[in-house]
1. Mind listing P(r) for the stretch 624-705? All alpha-carbon pairs, 5 Å bins, whole percents.
2. Run the numbers on the stretch 617-665 and let me know its relative contact order in percent, using alpha-carbon pairs under 8 Å that are six or more apart.
3. Extension gain Tyr190-Thr149, at 0.36 nm per residue separation less the Cα-Cα distance, in nm?
4. Quick one: which residues, 5 or more positions from Leu602 or on another chain, have an amide H under 5 Å from its amide H? H modelled 1.01 Å from N in the peptide plane, none for Pro or chain starts.
5. Thinking of the stretch 442-507 as a set of Cα atoms, what percent of all their pairs are more than 18 Å apart?
6. Using a basic spin-label model with each label point 7 Å from the Cα along Cα→Cβ, how many nm lie between Arg533 and Glu294?
7. On a 29 Å Cα-Cα criterion, which of the cross-link pairs Lys592/Lys672; Lys523/Lys581; Lys581/Lys634 come out too long?
8. At 0.36 nm per residue, and after removing the present C-alpha to C-alpha distance, how many nm does the segment from Val631 to Thr262 gain when stretched out fully?
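The values are calculated or read from the model by the stated rules, or taken from the named source; none is laboratory data. In this text the structure is predicted, and so the values were computed from the model without any measurement. Note that we place each Cβ from the backbone using ideal geometry, even for glycine, and neighbour counts take in every protein chain shown. The accessibility values were calculated without ligands, DNA or RNA, using every heavy atom of the protein model including side chains. Shrake-Rupley method; radii C 1.70, N 1.55, O 1.52, S 1.80 Å.
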Amino acid sequence: MRACAARQSRPLGAGPRQVVARRRPAGAPAAAGKGFGAAEGKQAVDAAPTAAVTEQPQQPQQPEQHQSQSQSQPSPPAASPAAAADGKEEALEALLRKRKSRKGRVEPKVKVESAVVDMATGKVATNPAGEAETRVIQVLLGFFGILMTEGLVLAASGFLPAEYDAWVQDVLYPSFSPQMLLFLGMSSAYGLFKTGKLPGQAQMNAGPSGPCARCSVRRGRLPARPRCPGAMALPAGFGAPPTADDGADLAEILARDIPWETYMTARLIADKDLQLIRRYDKRSEELQASLLDESGPAYVEAFLAVLRSVTKEETVQYILALLLAMLRANPSRASLFHAAGDAPGAPGGGEPYGVFLRLLQRSDWFTQEKACALLAAVLRARPHRGAPFAAPPGSSAAAAAGPAAPAGPADPAEAAIAAFVDWLCGQLRRPSNPTKAVPTAVSALAVLLRDKGGRALFTAAGGVALLAPLLRSCTGPTSSQLAYEICLCIWQLSYHKPALQALAASGVAKGLVEVVRGAQKEKVVRVALLSLRNLLAEPELGLASDMVDAGLPKVLATRSLQSWGDEDIPALLESLSDALKEQAVALSSWDKYKKEVLSGSLDWSPMHGSELFWRQHVDKFEEKDFQTLRVLLKLLETSRETRTLAVACNDVGRFVEFHPHGRFIVSDLRGKELIMRLMSHPDPEVQKRALLAVQKIMLPRDKLGFIAAAAGGGGGGAPGATASA
């Protein structure tokens with residue numbers, strides 16, 4: 001009843017105003033809570049009509065109050081109350097739209113400088129090569145459109161009239177295949193051009209008449225760069241001669257454009273380092289050399305700072321390529337790394353080794369290979385080279401260094417060399433790269449083993465035993481450089497007493513003999529002869545018998561008949577032959593035979609077929625509870641070499657023939673069963689030797705003469721082809 005009375009008492013013209021007023025309070029606070037501040041919200045609320053704030057549905061007297069207030073204030077003559085309310089609402093909506101547009105707009109904080117952007121906006125003239133490439137792409141696209149149209153026509157030719165169908169079959173169809181082949185050839189040639197694989201093509205970024213588009217854009221702070229990185233020639237002269245593939249890889253890496261300013265913005269490199277890198281990067285070799293001569297340690301420290309801070313693979317590879325090119329141009333620049341580490345305020349603990357040791361643990365092989373080469377060069381140029389290692393007493397390094405270690409200040413690079421040697425041994429055991437890991441590791445070892453400390457650490461790490469298998473695998477002229485570096489490592493290790501026993505136990509003497517026999521280059525022959533001479537100089541090693549068994553006397557006689565450009569090789573051949581004769585006379589035949597059996601690999605030699613040898617030494621088989629005979633029987637059970645099996649069967653038969661109780665001893669040791677199994681061996685020589693041995697075991701001693709006569713007057717010995725060899 002009261003609401004009805006209020007509506008009846010409402011004056012005319014108040015309805016639209018009250019409706020708008022009820023709409024405003026809900027809109028004004030919501031808009032104020034969405035984004036604009038308290039002042040703006042308050043201003044928006046105050047800007048609404050007074051009745052919009054005071055009127056509530058629960059207060060029936062509000063219309064009269066509002067009416068009295070509106071009567072007390074003068075209203076504009078030209079605008080009605082409804083129009084004023086609508087104008088306020090539009091103003092509020094405009095304020096909201098302005099606020100939202102200001103909120104979504106983000107001002108760029110970094111000015112982007114790019115050659116591509118400058119060419120697209122017209123600030124820089126377009127490169128002629130780029131214009132030609134654009135035309136080629138347009139031609140290919142047009143050609144592709146024509147082929148698509150012809151293909152559609154060929155597909156729809158069956159639905160065309162007869163005269164059009166005949167034209168398609170006579171004209172369009174025969175020419176479609178040649179056009180398709182032409183398009184494929186053009187697109188393939190363009191793809192090869194983009195990837196730089198065309199014959200005789202230079203780097204992709206290098207244009208035919210000048211620098212590339214990116215190099216043509218220069219910043220005002222630095223002078224213009226002399227030439228594009230793609231045209232930079234990489235000098236050779238550091239370490240082993242670089243291959244063509246190595247130079248191509250470095251040139252490809254150095255052709256990259258690194259965003260150095262981005263790293264400075266991210267505070268990964270300092271501004272002074274950025275200025276030095278930009279001054280050095282992409283310059284000519286002459287300018288780079290002058291910069292290094294002027295302040296080389298500062299540039300090296302800037303490069304090392306990038307390697308310490310940046311982990312992106314492309315940038316790390318680029319810095320490594322720069323450093324390697326610097327050392328190949330002049331290997332003596334390796335001393336700059338130590339000068340950079342000693343500079344005041346230089347980070348990294350004053351030494352450059354930790355940076356490269358960390359890079360050796362990266363996954364990509366390019367980084368590992370270049371870091372290995374750089375670390376070897378830096379260690380070689382260290383100022384404290386030759387100082388003793390301060391190995392703790394009782395450690396493996398101290399034991400390998402020997403008791404008479406020289407006194408003096410310790411080498412600060414000992415920890416780095418030890419970690420580097422461990423990584424190199426790991427590469428020799430399990431290569432990261434199937435073709436490049438072993439040559440890279442051996443080349444670095446050839447540098448490290450020049451120092452006594454490096455030899456001691458390598459011996460303590462168990463790396464000496466890894467060289468003999470690698471040497472035996474170096475067969476052929478393609479692996480002559482690897483064979484040379486392995487022989488060089490062996491020669492350097494031969495001056496280290498603890499390493500001699502490991503070399504003798506690994507069977508390295510036979511591998512060196514094979515190198516002398518088959519090597520074509522004089523430097524390889526010379527270093528192998530030097531290694532053999534040093535090994536023969538230690539008679540207690542007993543390697544003379546291994547060299548004789550490997551055929552070294554015949555190899556020396558053959559090589560002495562050749563003419564050599566190196567005058568030291570004939571003298572080495574003569575001295576080695578004399579030393580071998582002196583030690584061979586003092587050797588016992590039984591010692592040689594026992595050593596061969598214990599090695600696990602048997603070969604036909606005069607001892608195995610000599611009756612005099614077996615008559616004189618058959619009693620020695622009884623030493624240490626028939627140790628030598630047990631080893632022979634074990635070889636019959638486990639060996640997979642056909643020659644070893646044949647020789648072992650022959651020796652067991654010889655033992656049965658010349659020992660009074662040989663047949664019973666062999667039977668008690670299960671030798672009879674082992675030999676009978678070999679009678680079904682696929683190799684005919686093994687079958688023959690096993691059959692003869694079984695016959696000697698089965699027959700009594702007085703009947704063995706018939707077997708010897710049937711076997712050709714000896715009952716055993718080497719086969720004809722092997723004996724003649």
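1. Going from the shortest bin to the longest, the percentages are 3, 17, 31, 25, 15, 7, 1.
2. 34 percent
3. Full extension of this stretch gives 12.5 nm more.
4. So Leu602 has HN proximity to Thr644.
5. Roughly 29 percent, rounded to a whole number.
6. The modelled label-to-label distance comes out at 5.1 nm.
7. Beyond 29 Å between Cα atoms: Lys581/Lys634.
8. Length difference between fully extended and current span is 125.9 nm.
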